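Here the structure comes first, spelled out in structure tokens, and everything after it is commentary.
Derivation of every value follows stated rules applied to the coordinates shown; laboratory data play no part. All figures in this text were calculated on a predicted structure; none of them were measured in a lab. Methodologically, a virtual Cβ is constructed for each residue, glycine included, from the backbone with ideal geometry; neighbour enumeration extends over all protein chains shown.
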There are 2 protein chains.
Amino acid sequence: MEKTLQGACIIGQSGGPTSVINASAYGVIRTALDNGSITKVYGAAHGIKGVLDDKLYDMGEEDAYELSLLMNTPSSELGSCRYKMADPDKDDTDYRRILEIFKKYDVRYFFYNGGNDSMDTCDKVSRFMEKSGYECRVIGVPKTIDNDLYNTDHCPGFGSAAKYIATACAEVYKDAHVYDTGMIVIIEIMGRHAGWLAASSALASLVGCGPDLIYLPERDFDMDDFIARASAIYREKGNCIVAVSEGIHYADGSFVSEAKTSATDGFGHAQLGGLASLLSAVIKERTGAKVRGIELSLLQRCAAHIASKADVEEAFLAGKVAVESAVAGESGKMVAFKRECADGKYVCVPTLVPLTSVANFEKKVPLEWITEDGAGVKGEFIDYALPLIQGEPERPTENSLPRYARLKKVLAK
Amino acid sequence: MEKTLQGACIIGQSGGPTSVINASAYGVIRTALDNGSITKVYGAAHGIKGVLDDKLYDMGEEDAYELSLLMNTPSSELGSCRYKMADPDKDDTDYRRILEIFKKYDVRYFFYNGGNDSMDTCDKVSRFMEKSGYECRVIGVPKTIDNDLYNTDHCPGFGSAAKYIATACAEVYKDAHVYDTGMIVIIEIMGRHAGWLAASSALASLVGCGPDLIYLPERDFDMDDFIARASAIYREKGNCIVAVSEGIHYADGSFVSEAKTSATDGFGHAQLGGLASLLSAVIKERTGAKVRGIELSLLQRCAAHIASKADVEEAFLAGKVAVESAVAGESGKMVAFKRECADGKYVCVPTLVPLTSVANFEKKVPLEWITEDGAGVKGEFIDYALPLIQGEPERPTENSLPRYARLKKVLAK
């Protein structure tokens, strides 16, 4: 393809938001606005739905400073969606509509920023355009706090979430150790199938405030074993801090958060609270200890105020490389990261991988990084995650509160 | 008293921890170590219990740099307690023990850092020493995230908690507005009797991300009115963000978090989750909307990583002024803050108020600062709270995680 291709581009954001997904969008938008081959830069409102609905923002109408504030604005500023595209071989209605819109705006570049499902969307769009003979270069830009994308060392969004989780766990540790009468604290962390986020709580051990027990969905959960361990630690130290992935499950595959336990049986019904509430209730019933359940909830994926500089910069880089690669002729690929080491220091090297090698796979924490007892992570995980949480980015403020981008969002004509 | 008094001092921390209570302890410790009248500086392990148990740390044994890190170490580093002292007229056992310890270590200065109950303890100790004819100067150092201490413009600890709450609410707002399918979010904030913390969520409106509804315990809560308002906002805007004090109550005084509602009746039992879970369940049942409950939990009182510089500095100042005042002859007082204005700018002026004027009172949000509909706060609150969240203190880090003080805690001989 390597010939010059003139035309407009679309950037869309999809899936759950992160602290740095807008930094990737800015990487795409800034690089595209500055690139001679790209005639117009459109932002799709709510991802692929904005394309289907012909709702595109003209990013060239935005103020340059406001755009730059996307570097520190959490969540998906263009709007996101969880729209699952049909298999084009079965129903190509949406794809024909997308082609119609691409032709209407002379879109020759499509950048889609998201996780597994979004890379699947990206891949389907890419293949349909190719099949249709409409030249459009499609590049995926990775993001997910879950860090479960295949074929990349890590994902933009993970480092900042990991930094938030480690810091919050350290602070909770400090808080929970203040009284001479102890407490068991259960901290519930996101991650339905992969335990990267819960494992990040172990980073707090570097400042002497790590959890005593960490449970990931990569290993089956055993309630009795958990209670025995937590009770023993509580009896010995007077306190016990537990970090759990929301996705922990029993050996039969059923989620602990949804399963009936003796505690819920006691009440005879499903819980209103989440996993942290459930485990707190069980452990309180079985040990009589003072217990507190804390769910980090949405805060772990939108806490831009404690984003990692490495993560923000890599997120921007992913967007920038997507545009540069597309202009250079690439398509049907996702920007991925390789980890290299130079002078003993971590270096993140962007690369391209086929979308088909990413879509619909899930990368989990290697079992050999989990301690034999299944209740902690080893040094290999710390070595892996530590470079990703480094540094404090510039954070413009207003009244000492975060100054987010204020976009005009002018609809394209 | 104004004569010179030579002797040792004790600093104790009490009640729930905050992000800056250690900055106050450092204000006391540093100033006392540097003061010629004070011969020894002891830290009481777990507040007054450390005195009763003869468990005192010799702060002179600590490394100066480690001590300085108390400025950014959350929670009560010396340990806290919730020990309620008896009325000395009915049972003076504890007081006689305290006197014994004071004599043993030649303690002539006692500084106690805490909230309402701690000022009560402080007052009782002060009066007992006076009655006993043992010269010991007693000064209270205020702290509480709840900001409910009487006779002071505000309390150290509140500003940092308010800053965390405003920032977290802004980030959740961003997150909750990302999909074209909306959501109602209920954010549960601390404050059993006073709504200062929940009101602080309104600061997020300064960056365009404030809650739609804010409920404080200063006004009676009406569930039907709440549901009607939340539903209307959700229908109109597609989203609704609600901030609630944990202490909201019905007109009969019963806490909403403990009361049976139609939703809990539906399940026929008490909740395991807290207020946010309960309100989420009720609103989901009544409106069918997608709802998420978020409890800020311990994070709001220990998030030193986002402490306000103004708060950290004022916390230190409170400790410093306590020592200077005591050495100058004051006793039976608490350090309080007056708000002044110089060149149109906020200035915090330390002052002294009698302990008896503080102990066992609660300062609430003025009713005239709450909107007529009872579902928000007015500009007066913003004007009051905004100066308290200003600035970013120096925050030493290690591996990009907070570097907390590591004290040796050498027991006094």
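Figures for the structure shown
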| item | result |
| --- | --- |
| Debye, to nearest 20: dipole size of chain B, +1 on Lys, Arg Cβ, -1 on Asp, Glu Cβ | 900 debye |
| Label point 7 Å beyond Cα along the C-beta direction, distances from B:G391 to other copies (nm, shortest first) | 2.8 |
| Cβ-vector label at 7 Å, B:D53, separations to other copies in nm | 6.0 |
| Teacher prompt: A:D34 distances to equivalent labels in other copies, 7 Å Cα→Cβ, nm | 4.7 |
| Between the stretch B:399-413 and the stretch B:212-249, the alpha-carbon center distance in angstrom | 43 Å |
| Max mean-square fluctuation residue, GNM over chain B, Cα-Cα springs under 10 Å, options B:D87, B:D106, B:D146 | B:D87 |
| R0 of 35 Å, Cβ-Cβ distance A:E66-A:D383: FRET efficiency to nearest 0.05 | 0.35 |
| Prolate/oblate/rounded label for chain A (Cα gyration tensor, a/c 1.5) | prolate |
| CD proxy at 222 nm, helix term only [per DSSP H run n ≥ 4: -39500 (n - 2.57); per residue of chain A; nearest 500] | -10000 deg cm²/dmol |
| Sequence ranges A:207-214, B:217-224, ranked by mean other-Cβ count within 10 angstrom, highest first | A:207-214, B:217-224 |
| Spin-label model distance (nm) - A:K104 vs B:K131, 7 Å beyond Cα toward Cβ | 8.4 nm |
| Extended-chain gain in nm, criterion 0.36 nm per residue less alpha-carbon gap, A:K338 and A:K237 | 32.2 nm |
| Order of A:Y404, A:Y234 - criterion: other Cβ atoms within 10 Å of each residue's Cβ, fewest first | A:Y234, A:Y404 |
| Within 10 Å of each Cβ in B:177-186, the average number of Cβ atoms from other chains | 5 |
| Charge dipole (debye, nearest 20) of the stretch B:159-302; +1 at Cβ of Lys and Arg, -1 at Cβ of Asp and Glu | 340 debye |
| Lysines with Cα under 21 Å of B:K90, excluding same-chain neighbours fewer than 8 positions away | B:K49, B:K124, B:K131 |
| Cα shape, the stretch B:289-413, gyration tensor, a/c 1.5 rule | oblate |
| Proximal lysines to B:K338, defined as alpha-carbon separation beneath 20 angstrom and excluding residues fewer than eight positions away on the same chain | B:K143, B:K309, B:K320, B:K363, B:K364 |
| Choice from A:G159, A:G16, A:G114 showing the highest fluctuation, given a GNM over chain A with Cα pairs closer than 10 Å | A:G16 |
| Cα-projected label distance for B:D252 with B:Q6, points at 7 Å along beta-carbon direction, nm | 6.6 nm |
| Distance from the stretch A:82-121 to the stretch B:63-137 (C-alpha centre basis), Å | 68 Å |
| Pairwise label distance in nanometres, B:T371 with B:D91, each label 7 Å out on the Cα-Cβ vector | 4.9 nm |
| Most fluctuating residue given options A:K49, A:K333, A:K131, as computed from a GNM of chain A linking Cα atoms under 10 Å | A:K131 |
| Total lysine pairs under 27 Å (Cα atoms) in the stretch A:158-302, excluding pairs fewer than 8 apart on one chain | 9 |
| Three-way shape label, the stretch B:159-302, alpha-carbon gyration tensor, a/c 1.5 | oblate |
| For peptides B:198-206, B:89-97, A:277-285, sequence by mean Cβ density within 10 Å, most packed first | B:198-206, A:277-285, B:89-97 |
| Estimated dipole of the protein assembly as shown in Debye, rounded to 20 [Cβ of Lys and Arg +1, of Asp and Glu -1, Cα centre] | 520 debye |
| Shielding of B:75-81 by partner chains, average beta-carbon count, 10 Å | 4 |
| Exposure proxy order (Cβ contacts within 10 Å, fewest to most) of B:C155, A:C136 | A:C136, B:C155 |
| Hz values of 3J(HN,Hα) by residue in the stretch B:126-143 - Karplus curve (6.51, -1.76, 1.60), Gly and Pro given as x | 4, 5, 5, 5, 5, 4, 7, x, 9, 6, 8, 8, 10, 10, x, 10, x, 7 |
| Leading residue at positive end of dipole, the protein assembly as shown (Cβ point charges), from B:L355, B:I139, A:L197 | B:I139 |
| Ranked list, fewest to most other Cβ atoms within 10 Å of each Cβ, for A:H177, A:H193 | A:H193, A:H177 |
| Cut-off 20 Å (backbone N to label point 7 Å along Cα→Cβ of A:N360), residues of the stretch A:45-73 | A:48 |
| Local electrostatic count at B:D212 - Lys and Arg +1, Asp and Glu -1, tallied over other residues with Cβ under 13 Å | +1 |
